[in-house]
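None of the figures in this text is laboratory data; all of them are computed from the coordinates on show. This one's a predicted model, so the numbers in the text were calculated from it and none came from an experiment. No Cβ is skipped: glycine too gets one built from the backbone with ideal geometry, and neighbour counts run over all protein chains shown.
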Amino acid sequence: MSAEPTFLSAVSDFLDRHCLLDGVGCAVVGVSGGVDSMVCLDVLRRRGVDVVAAHVNYGLRPAADDDEALVRTWCDRQDPPLPLRVRTADPTAEAEAGASLQAVARRQRYRFFRAVAREVGADAVAVGHHRDDQAETLLLHLLRGAGPEGLSGMPPARPVHGAPELRLLRPLLSRRRSEIEAYAEAAGIPWCVDATNESTDYRRGWIRTQVLPLLEAEVEGATDAIARSADLMRAYVDETVAPALRQRFDAARISDAGPGLLLDLATLRAEPPVWRHRLLLEALRQTLPNAPQKKAVAEEIAALVDAQVGRRVDLAGGSVWRERPGLRFLPAAERPDPVPLTPLAPQTAVATPDGDLTLAVTPDRPPAVRTADPTVAVADADRIAGSLAVRSWTAGDRFRPLGLEGTMLVSDLLTDAKVAPHRRPAACVVVDDDGIAWVVGHRLAHRVRVQPSTQRYAVLRLDP
């Protein structure tokens with residue numbers, strides 16, 4: 001029997017067994033020009049899926065433009081021609097910030113796939129990972145000291161990071177590289193060879209070119225056996241670890257109106273270290289997907305459980321804060337932007353993270369000069385030095401709160417007011433030429449207080 005129908009039948013069985021194409025009418029296929037991605041595109045096209053090819057040209061190799069040309073030509077020659085999206089990217093700039101070139105290129109690639117999928121209304125993103133990749137992945141994770149989930153390798157499908165409405169599919173995960181190449185030759189599918197994939201400068205390349213061939217020479221079928229171990233571990237994780245993790249995570253999660261994700265301290269303390277660390281890594285996965293999923297990171301975050309309120313761990317993409325009820329995982333995108341020094345004039349609103357701030361000056365005494373409403377403050381307009389402005393508070397800001405004898409740091413005021421640590425950077429102060437006149441939403445400065453002699457009143461109001 002020829003390679004084509006046998007290969008297609010085996011892949012179709014895998015697709016059906018794992019329900020990979022259920023609900024998938026359109027899929028974006030990441031196509032580098034290598035044999036696995038070219039075959040992945042062809043297989044899904046033959047299964048009747050509307051495919052859109054997506055190619056990233058990094059320009060890092062002399063043959064990069066040839067790879068793009070091969071993909072373009074093959075897509076154009078299909079009947080009907082296959083739609084193709086191409087993006088030129090440069091991972092070197094981001095890599096200089098500390099991430100590896102490979103990691104940055106991968107982030108850029110999947111960011112592009114997500115964008116194309118949303119543009120064309122696709123249901124999934126498909127990539128060409130195969131059984132040899134699975135064996136390499138298990139060995140890589142083993143060398144890193146991974147737990148059960150890491151040793152289960154790559155799943156046939158999972159949600160796309162940053163786009164949970166999309167599924168990432170691996171249609172060729174059950175097939176060996178040699179089978180894929182044989183099918184491509186029989187079907188007349190061209191492909192390019194990326195020499196860097198065989199480079200021993202990278203650990204995966206070393207495993208691919210040195211370790212697995214040595215194992216195969218000593219143990220027949222070693223690659224299949226390693227991949228089969230990943231399959232078995234995946235089934236174990238899916239049926240035991242994953243449900244237990246979901247149950248524990250739901251019990252630890254606190255539902256509140258704050259940003260990010262909050263895990264309960266008491267629940268975390270009650271868990272054994274192995275589950276406590278796993279809950280913390282799951283919270284990272286959901287909120288800060290670019291942060292390392294490592295034991296050392298979990299231990300650093302776990303140390304916050306018994307740390308002082310306000311301590312935090314900064315990671316790629318955000319921070320983890322120690323708050324009174326729990327640990328808050330806060331993506332950088334949800335941090336409030338600082339407010340620069342902005343003039344505050346009557347009847348003109350200034351936007352702050354907590355709402356719009358306005359000033360009104362009136363000769364009429366307001367009904368309640370000392371209001372219990374924290375969003376309103378009334379000052380003596382003639383005790384204000386110069387003009388008013390609004391800005392974010394900064395470390396070292398100090399003033400004399402109304403009714404106190406001495407001065408106080410704004411940071412201490414926010415702590416005493418039990419403002420959640422992740423909300424403290426959002427606090428603003430109203431200032432004049434002599435310093436702070438009002439810590440917005442908290443305390444007025446004693447020097448601008450209303451007195452019996454006051455003739456004009458400055459009414460400061462925060463509209464949340």
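Structure values in brief
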read-out: Mean residue ellipticity (222 nm) of the chain, computed from DSSP H runs ≥ 4 via -39,500 (n - 2.57), nearest 500; value: -10500 deg cm²/dmol
read-out: Dipole axis of the chain (+1 Lys, Arg; -1 Asp, Glu on Cβ), positive-most option in L344, A385, A89; value: A385
read-out: Nearest-20 debye value, the chain charge dipole, Cβ charges on Lys, Arg, Asp, Glu; value: 1480 debye
read-out: Neighbourhood net charge (9 Å Cβ-Cβ; Lys/Arg +1, Asp/Glu -1) for G34; value: -3
read-out: Neighbour cut-off at most 16 other Cβ (10 Å), DSSP loop, trypsin sites (Lys or Arg not before Pro), the stretch 304-352; value: R311
read-out: Gyration tensor (alpha-carbon) shape descriptor, the stretch 381-464, a/c threshold 1.5; value: prolate
read-out: Interchain or long-range residues, amide H under 5 Å from D356's placed H; value: D463
read-out: Gain in span if fully extended, C19 to S178, counting 0.36 nm per residue against the direct Cα distance; value: 54.8 nm
read-out: Rounded Å value of the spacing that divides the Cα centres of the stretch 15-91 and the stretch 130-149; value: 26 Å
read-out: Whole-number percent relative contact order across the chain, with pairs defined as alpha carbons under 8 Å at least 6 apart; value: 11 percent
read-out: Prolate/oblate/rounded label for the chain (Cα gyration tensor, a/c 1.5); value: prolate
read-out: Contour minus Cα-Cα distance for D76 and R106 (0.36 nm per residue); value: 8.2 nm
read-out: Length added when fully stretched, V241-Y202, from 0.36 nm per residue minus Cα-Cα; value: 10.9 nm
read-out: Length-normalised contact order for the stretch 3-233 - Cα pairs under 8 Å, 6+ apart - percent; value: 26 percent
read-out: Cβ-derived FRET efficiency at R0 56 Å, A270 paired with D356, nearest 0.05; value: 0.85
read-out: Rounded to 5, percent antiparallel among DSSP beta bridges of the stretch 3-233; value: 20 percent
read-out: Rounded, prolate or oblate (a/c below 1.5 giving rounded, otherwise prolate when a/b exceeds b/c) for the stretch 3-233 by Cα gyration tensor; value: rounded
read-out: The stretch 339-413 versus the stretch 210-236: alpha-carbon centroid distance in Å; value: 67 Å
